[in-house]
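The values are calculated or read from the model by the stated rules, or taken from the named source; none is laboratory data. Predicted model only: the values in this text are computed from it and were never measured. Neighbour counts are summed over all protein chains in view; Cβ atoms, including those assigned to glycine, are modelled from backbone coordinates with ideal geometry. In case anyone asks, the SASA skips ligands and DNA or RNA and just uses the protein heavy atoms, side chains included. Shrake-Rupley method; radii C 1.70, N 1.55, O 1.52, S 1.80 Å.
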Amino acid sequence: MNKINALQLRQRYDDGHELSVIDVREEGVYSRDGHLLRVSNIPLSVLELRVGALVPRLATRTVVCDGGEGLAELAARKLYAGGYTDVSVLEGGAPAWKAIGGCLYTGVYLPSKAFGEYIQHEDAPREVTASELNEWIKFGKDMVVVDSRPLAEFNRNSIPGAYDCPSAELPYRMPEFVRSPDTTVVVNCGGRTRSIIGAQVLINAGFPNPVYALKDGTQGWKLAGFQLNHGRTEAVPLPSKSGLAWSQKAAQRVAQRFGIRRIDAARLQQLRADATRTLYLLDVRNPEEFEQGHVPGAQSAPGGQLVQATDTFIAVRPSIIVLCDNDGIRATMTAAWLVQMGHDEVYVHASDGQNERGASPQILLEGAKPCSASVTVAELKTLLTGGKLQVVDFATSLQYREGHIPGAWHAIRSRLAAQLPKVPATPLLVFTGAEEALARLAATDAAALTSTPVKVLTGGNAAWKVAGGAIELGDERMTGAAEDLSYRALDRKENVEQAMLDYLKWEVELLDAVATDPDFGFKRFA
């Protein structure tokens, strides 16, 4: 197994050649204990399911790290077995990086979060506080509040009266939705980043209305003592074809300012054929549009989330990034953010040749062996009646807490050896989860740990719910600490207000924290 020290990793960062650095700790541990700036978190639990999209070229130089506990070696073996040819382990993990003077950071989505604060510092979009917004609402000010998060997040909590419109969609949908140039537009998210990015994307596009970012988002609203809505679905609709004229001109202006280049199908094919470079082909439209038809081989990466969590879509730098949509508007707006974040080779490909349908295909690491033994929902209901089995759920701890099969236990795949013995002895184990593929990989792992037969619920938890299966709430049967996630403040069970204050303080201080890091590489454009 190849090993490198922290100084050698520093040299690789600086030599200009393609490099991916992967931290394989669970997200909660990665966030809490500290990690490098230019790194992607792919937990060992889901490595076989995620690495193919994040590191698509098998010859890419890849360095695997952890906190020094040995997970990186396990991950490297899987990558070698899966066909990756240039894999190294960082000796000593993140602590070794710190020992040579490198910076470690807590939290997740570091480059994107710091970039939001950078834009606030450099472009200074106007902000409105929660108290000021509440006064505007009370006095009937001519305005519209738009939430720049995906609809699922908006559904969880939202500002009263707000509409959902993910940030990459704002210059696309808002011109037809807001009829008067005098109407004030307030953009919010859960905290700060997408509020800032959402407001500034409208400003960069030349939107004529007064535009504000809601300071500290829904968390600031909650901290000010105001109530949030839950379960809302109001969204800014897609524009008509006749309503896109302004947006198309705005995209042209943005492309000129930020040097965004369009490519045709022939040039895209040339880029695909280059086996020496990593290519990311990302469709930035909403998932529903993506599933209705997209360029063959593209991955779904809604523009707002791509900017919000770039490290979860792009792990190799430098690399070639091609952003797709049907008319170039949303792809151009998103590309402008990526070039400001320091990605040098970003293209836009607008195409009507979107003849591949469905969700992004699952790219399973070569050599992974999902368990094939299955049980249907109907069979599981019958088995549960007999009481001679245990269900083990591999959904995230938050998903488990918010609803699982009655009696199910929760486990984390990377800790299965320690956690499986905590599940009561039984003649049969049934594994399930939010992702059936993850449960099947965990079942294969379990076969080496127990003589108890293991089967997997076909369709996972989603199939159980569709079939009307009973749901139990809570987290009474956790086999270990809920360290698989970096919990958002509003999802915590206790000290929620302090968690919100700590999170917002962390965001505000990020820019100063990363400004002296050698891997800090944001760019300004006149």
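If you check Trp221 against the conditions, is it under 22 Å from Gly116 (Cα atoms) and either out of contact with any His (no Cβ under 6 Å at 6 or more places or on another chain) or modelled with pLDDT under 95 (or both)?
Yes, satisfied.
Please find, among Ala439, Ala489, Ala499, Ala443, the residue that is in contact with a Leu (Cβ under 9 Å, 6 or more places away or on another chain), crowded, with 17+ Cβ neighbours inside 10 Å and without any contact (Cβ under 8 Å) to a residue 24 or more places away in the chain.
That would be Ala499, the only listed residue that is in contact with a Leu (Cβ under 9 Å, 6 or more places away or on another chain), crowded, with 17+ Cβ neighbours inside 10 Å and without any contact (Cβ under 8 Å) to a residue 24 or more places away in the chain.
Can you work out which of the residues in segment 264-321 that are touching a Lys or Arg at 6+ places or on another chain (Cβ under 8 Å) and of a type in the set (Lys, Arg) is nearest to Asp344 (Cα to Cα)?
My answer is Arg317.
For Glu366, are the conditions met, namely being outside any loop (DSSP other than H, G, I, E, B), among the charged types (D, E, K, R) and exposed (fewer than 15 other Cβ atoms within 10 Å of the Cβ)?
no
Answer with yes or no whether Leu271 is touching a helix residue (DSSP H, G or I) at 6+ places or on another chain (Cβ under 6 Å) and of a type outside the set (Phe, Trp, Tyr).
No: the conditions fail for Leu271.
What number goes with the only condition from (1) open to solvent by 10 Å² or more (accessible area, probe 1.4 Å); (2) in contact (Cβ under 8 Å) with a residue 12 or more places away in the chain; (3) more than 26 Å from Tyr487 (Cα to Cα); (4) not in a helix (DSSP H, G or I) that Ser88 does not pass?
(1)
Does any residue in segment 248-270 that is within 13 Å of Trp337 (Cβ to Cβ) and assigned to a helix (DSSP H, G or I) come within less than 9 Å, Cβ to Cβ, of a residue that is open to solvent by 90 Å² or more (accessible area, probe 1.4 Å) and modelled with pLDDT under 95 six or more places away or on a different chain, and which pairs are these?
Sorted first by the residue in segment 248-270, then by its partner, the pairs are Arg257/Ala526.
Under 7 Å between Cβ atoms, which residue pairs at least 6 apart in sequence (or on different chains) link something in segment 319-332 that is under 10 Å from Gly303 (Cβ atoms) with a partner that is basic (Lys, Arg) and buried (at least 23 other Cβ atoms within 10 Å of the Cβ)?
Asp325/Arg285; Arg330/Arg285
Is it the case that some residue within segment 424-432 is in contact (Cβ under 8 Å) with a residue 40 or more places away in the chain, of a type in the set (S, T, N, Q) and open to solvent by less than 20 Å² (accessible area, probe 1.4 Å)?
Checked segment 424-432: at least one residue is in contact (Cβ under 8 Å) with a residue 40 or more places away in the chain, of a type in the set (S, T, N, Q) and open to solvent by less than 20 Å² (accessible area, probe 1.4 Å).
Could you check how many residues of segment 120-148 are open to solvent by less than 10 Å² (accessible area, probe 1.4 Å) and either of a type in the set (Asp, Glu) or under 20 Å from the mean Cα position of the chain (by Cα) (or both)?
Matching residues across segment 120-148 total 2.
Out of segment 205-243, which residues are without any contact (Cβ under 8 Å) to a residue 24 or more places away in the chain and among the hydroxyl-bearing types (Ser, Thr, Tyr)?
Ser242
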